[in-house]
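Heads up, the thing below is written out as structure tokens.
The values are calculated or read from the model by the stated rules, or taken from the named source; none is laboratory data. Note that the structure is predicted; figures quoted are calculated from it, not measured. With ideal geometry, Cβ positions are generated from the backbone for all residues, glycine too; neighbour counts draw on all protein chains shown. Accessible surface areas use protein heavy atoms only, side chains included; no ligands, DNA or RNA. Shrake-Rupley method; radii C 1.70, N 1.55, O 1.52, S 1.80 Å.
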Amino acid sequence: MSDHTHDHGDHHPPHPMQPDLEDTPLTYHQSMTLAVVELLIEKNVISADEVRAMHEVIDATSPALGAKLVARAWSDAEFKKRLLKSVNDAAAEFGVDAGPVPIRAMENTTGVHNVIVCTLCSCYPKYLLGLPPDWYKSRAYRSRVVREPRAVLAEFGTQLPGDVDLVVHDSTADFRYMVLPLRPAGTDGLGEEELAAIVTRDCMIGVTCPKAPGSE
Amino acid sequence: MANQRRPHDMGGAEAGPVEQTEHAPESWEKTVDTILRLVSDKKRRIMTVDELRRGIEDLGPGAYDELNYYERWIASITSNLIAKGVITVEELGAKMEEVEKSWAEKA
């Protein structure tokens, strides 16, 4: 970053830009984004510190937070009850703020498998699990998972037995879902950290199932 | 009827295989998310997620499919902020010019 124009007097708020962008030309919408954030800072609607802090929150949010909740639920039946009652309250026990929108965990059992989608947009428990993957927001996933979920799951390598009911949950702006996967066989005796390690983002969306370490 | 659906309303429609692509969120994308989280938080309540969605749905069928995800978001956030008088079109135009100029100087 060049510093020859801003090397004295810090009257300009620091640009909320990052080096990964600076080597490429700015697109129209990137320019709009930077312009809007700078205008909001100039008008004291938001502060540069709040922008930086929120970037850090976004960077710190990942599926690992959800995996911890799942691993605890697998290990502690009382916690599982609380998780199924309210993911947000259960996350708070870990000191995690799961965001302003209520999240419900849908429990997979030997007879029922759950999968989540947002057909109308891309609602996702992102305050808990981080930003959703591109495919979750794609036309193909949003269109098809409510119509032919078994075929979509098969594309992710997940073959469900025919006698397992598949339930698709369509999220809304005011209500989000996550899947509480079924604890796989062969994981007896594993501690919570080892269990959390096999719980992936895709398991909590419901397109895959966790696998015991070393199985495949 | 299917042909009267708006472009965002795609549940159950025919579509090809799910391309399992993903990319690490870019900085400007996180900035878009950041703007929305801040202007919709309890402290400010300038706009809601529903207003974000309405703005995206109002982009029309062409723009909805041509723009990528966070482009749709910033387009909607910006129209909302203008409609609410938080920023003006003139301020936005001038600031974008400034941003682009300083970007070009750095390149």
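Summed over the stretch A:108-122, the residues that are in contact with a Phe, Trp or Tyr (Cβ under 8 Å, 6 or more places away or on another chain), touching a residue at least 24 places away in the same chain (Cβ under 8 Å) and farther than 19 Å from A:Cys209 by Cβ give a count of 1. Of all the listed residues (B:Glu26, B:Glu57, B:Glu14), the sole one being within 23 Å of A:Asp170 (Cα to Cα), modelled with pLDDT under 95 and within 18 Å of the chain's Cα centre (by Cα) is B:Glu57. Taken together, A:Leu34, A:Leu120, A:Leu39 contain a single residue that is over 30 Å from A:Glu192 (Cβ atoms), in contact with a helix residue (DSSP H, G or I) (Cβ under 8 Å, 6 or more places away or on another chain), at pLDDT below 95 and surrounded by 13 or more Cβ atoms within 10 Å (Cβ to Cβ), which is A:Leu120.
Among residues of the stretch A:161-184 being at pLDDT 95 or above and among the hydrophobic types (A, V, I, L, M, F, W, C), the one that is surrounded by the most Cβ atoms within 10 Å (Cβ to Cβ) is A:Met178.
Considering only residues in the stretch B:39-57 that are among the β-branched types (Val, Ile, Thr) and over 13 Å from A:Ile46 (Cβ atoms), the one that is nearest to the other protein chains (Cβ to nearest Cβ) turns out to be B:Val49. Just to be sure, is A:Ser138 open to solvent by 10 Å² or more (accessible area, probe 1.4 Å) and free of Cβ contacts under 8 Å to residues at least 12 places away in the same chain? Yes, satisfied. Is it the case, given these coordinates, that B:Lys95 is charged (D, E, K, R), closer than 17 Å to B:Ile35 by Cβ, open to solvent by 60 Å² or more (accessible area, probe 1.4 Å) and out of contact with any Lys or Arg (no Cβ under 8 Å at 6 or more places or on another chain)? Spelling it out, it is not the case that B:Lys95 is charged (D, E, K, R), closer than 17 Å to B:Ile35 by Cβ, open to solvent by 60 Å² or more (accessible area, probe 1.4 Å) and out of contact with any Lys or Arg (no Cβ under 8 Å at 6 or more places or on another chain). Just one of the numbered conditions (1) outside any loop (DSSP other than H, G, I, E, B); (2) open to solvent by less than 70 Å² (accessible area, probe 1.4 Å) is not true of B:Gly85: (1). Can you tell me how many residues within the stretch A:53-89 are of a type outside the set (Val, Ile, Thr), within 30 Å of A:Ile41 (Cβ to Cβ) and open to solvent by less than 60 Å² (accessible area, probe 1.4 Å)? Count: 5. For the stretch B:15-38, a tally of residues being open to solvent by 20 Å² or more (accessible area, probe 1.4 Å) and more than 7 Å from chain A (Cβ to nearest Cβ) returns 1. Scanning the stretch B:39-63 for residues that are open to solvent by 10 Å² or more (accessible area, probe 1.4 Å), touching a helix residue (DSSP H, G or I) at 6+ places or on another chain (Cβ under 7 Å) and either outside any loop (DSSP other than H, G, I, E, B) or aliphatic (A, V, I, L, M) (or both) yields B:Ile46, B:Glu51, B:Gly55, B:Ile56, B:Leu59.
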